[in-house]
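To keep things clear, I will list the structure first and then write my remarks on it.
The values are calculated or read from the model by the stated rules, or taken from the named source; none is laboratory data. Since the structure is predicted, the reported quantities are computational estimates derived from the model, not experimental observations. Using ideal geometry, Cβ is built from the backbone for each residue, glycine included, and neighbour counts are taken over all protein chains shown.
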Amino acid sequence: MNDEKLDIAKEYLDTFPTFEDFKRDYLDVNKPANEKFLTYLFTEIKDKPDVWEETKYRISIETLRIDIKLKDKENLTIDDIVNEVKKNDLSKYKRILVKLDNKNYDDIDKLSKLGIDVLISTKGEKGFSTIDEFKFMREFFNIFKEQCNYPNLSVLEKITLAYDHVKFFLYNPENNRNIMDSRGIARSMKTGNIVCEAYSRIFCQLLSEFGINSHLTFIKGKGKDESSHARVIVKVEDPKYNVKGVFAFDPTWDSDLEMALVSHEDGNVTYESKKYLKETDTVIEDLPSSIRYLYFLVPLYEYDKYFTGDEIDRIQKYPTFNKVELTDGLTKILKYNDLKPREKTVLDILPDLLSKTKKIEGYSDDEIKEFINHAVNILNQYRFGRLDKNLKTQVSSQR
């Protein structure tokens, strides 16, 4: 089916209020050979505009599926793609689908010269990107690698640099129904819309640039087959900081929330998100972006303490997206609720860790000293994360 006929088919599916109506009035009557596929379209695709476009492009006869023709070729190059495309009559197609690794292709502009739209999917990505969006995404990761190209960085220092880098994005959900605009890496960078899934994917890719493996973790939502949140799990072995174990990271919850040091009407001084300030609160000092490390380096055995009530939907390796089975052993670890404070580890290492990473990020010595002071004080104030968020302690010194 071509694009037009597929859209007509979708319009027809939309005339049925529920799947039960569709099954009774169409499937049971006509018994089509493609019943399984039609069921999939109705229940999983038709009400999601962005997913529909992706599915339509994949199944339309007007799409040249180079990604299928070259799927078994190792070390795929742009020349391989161009040569394969030229074997086909492009007058029959509206677009080309290509699958690439998320790496540099200096000659990617050769695809632009084919005279047909090119949509790119990459490992670990959600949805498609255009050539320009792919290049914009790669420029971001290349700049990160150049800025962090320092010898003898430890694993935890690399993770911290990646964590800081993604936290500079300002949380901004999509303003339309195209969820790919805020969940895919390339699309979120282009649109400026970003939610938890894109934060987590970008963090995973930043780690991948350092050669560090990670896992995307999706939390069950209330709706059918929906995830309500995403975060990242990483196995860390760092002799320099004496850290070894499996840890959760949530860059979304630690992202730029416009934090400030605030004086309250009762005389208390605390750290607060500016969007929650009262009229009687006075801002003493605006804080740098990425000042929070509340959900950084959370041991898996304390997962349930910091992410109380979350039920994990699935865990997938990045960037292969191979699914990790939720075994009884793993589930037991994730539900461990010992009150052993994780901050002892973090507070022991954070000053030295930030002294190193903030220097690489371009902070001056005075700025680093002030940054560490605020970061440590915020950890002390919210010393049990979500568990005791309302039990705030007064900051030791009022500025």
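Candidates in region 171-209 are the residues that are polar (S, T, N, Q) and farther than 20 Å from LEU100 by Cβ; of these, the one that is modelled with the highest pLDDT is SER200.
Here's the yes/no breakdown for (1) over 19 Å from GLY309 (Cα atoms); (2) assigned by TED's automatic domain parsing to the domain that holds THR357; (3) surrounded by 16 or more Cβ atoms within 10 Å (Cβ to Cβ); (4) free of Cβ contacts under 8 Å to residues at least 12 places away in the same chain:
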residue: ARG231; (1), (2), (3), (4): no, yes, yes, no
residue: VAL234; (1), (2), (3), (4): yes, yes, yes, no
residue: MET259; (1), (2), (3), (4): yes, yes, yes, no
residue: ASN268; (1), (2), (3), (4): yes, yes, no, no
residue: GLU272; (1), (2), (3), (4): yes, yes, yes, no
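Among residues of region 76-117 being touching an Asp or Glu at 6+ places or on another chain (Cβ under 6 Å) and in a loop (DSSP other than H, G, I, E, B), the one that is farthest from PHE128 (Cα to Cα) is TYR93. Taken over region 274-319, the criterion of being crowded, with 17+ Cβ neighbours inside 10 Å, in contact with a Ser or Thr (Cβ under 6 Å, 6 or more places away or on another chain) and among the polar types (S, T, N, Q) is satisfied by no residue. The single condition among (1) touching a helix residue (DSSP H, G or I) at 6+ places or on another chain (Cβ under 7 Å); (2) without any contact (Cβ under 8 Å) to a residue 24 or more places away in the chain; (3) hydroxyl-bearing (Ser, Thr, Tyr) that SER214 does not meet is (2). Whether a residue is in the same structural domain as TYR363 (by TED's automatic domain parsing), within 29 Å of GLU367 (Cα to Cα) and either among the acidic types (Asp, Glu) or assigned to a helix (DSSP H, G or I) (or both) was assessed, and PHE247 does not pass this test.
How many residues, within region 42-58, are closer than 30 Å to ASP101 by Cβ, outside any loop (DSSP other than H, G, I, E, B) and either out of contact with any helix residue (DSSP H, G or I) (no Cβ under 7 Å at 6 or more places or on another chain) or of a type outside the set (Val, Ile, Thr) (or both)? Walk me through it before giving the result.
Of the residues in region 42-58, the ones closer than 30 Å to ASP101 by Cβ are 44-45, 48-58.
Within this subset, residues satisfying the condition of being outside any loop (DSSP other than H, G, I, E, B) are 44-45, 49-58.
Still in the list and also either out of contact with any helix residue (DSSP H, G or I) (no Cβ under 7 Å at 6 or more places or on another chain) or of a type outside the set (Val, Ile, Thr) (or both): 44, 49-50, 52-54, 56-58.
Qualifying residue count for the region: 9.
Listed by first and then second residue, the pairs linking a residue in region 31-52 that is of a type in the set (Lys, Arg) to a residue that is modelled with pLDDT of 85 or more, with Cβ atoms under 8 Å apart and 6 or more places separating them unless they lie on different chains, are LYS46/LYS10; LYS46/LEU13; LYS46/ASP14; LYS46/TRP52.
Residues in region 22-36 that are exposed (fewer than 12 other Cβ atoms within 10 Å of the Cβ) and in a helix (DSSP H, G or I): ASP28, VAL29, ASN30, LYS36.
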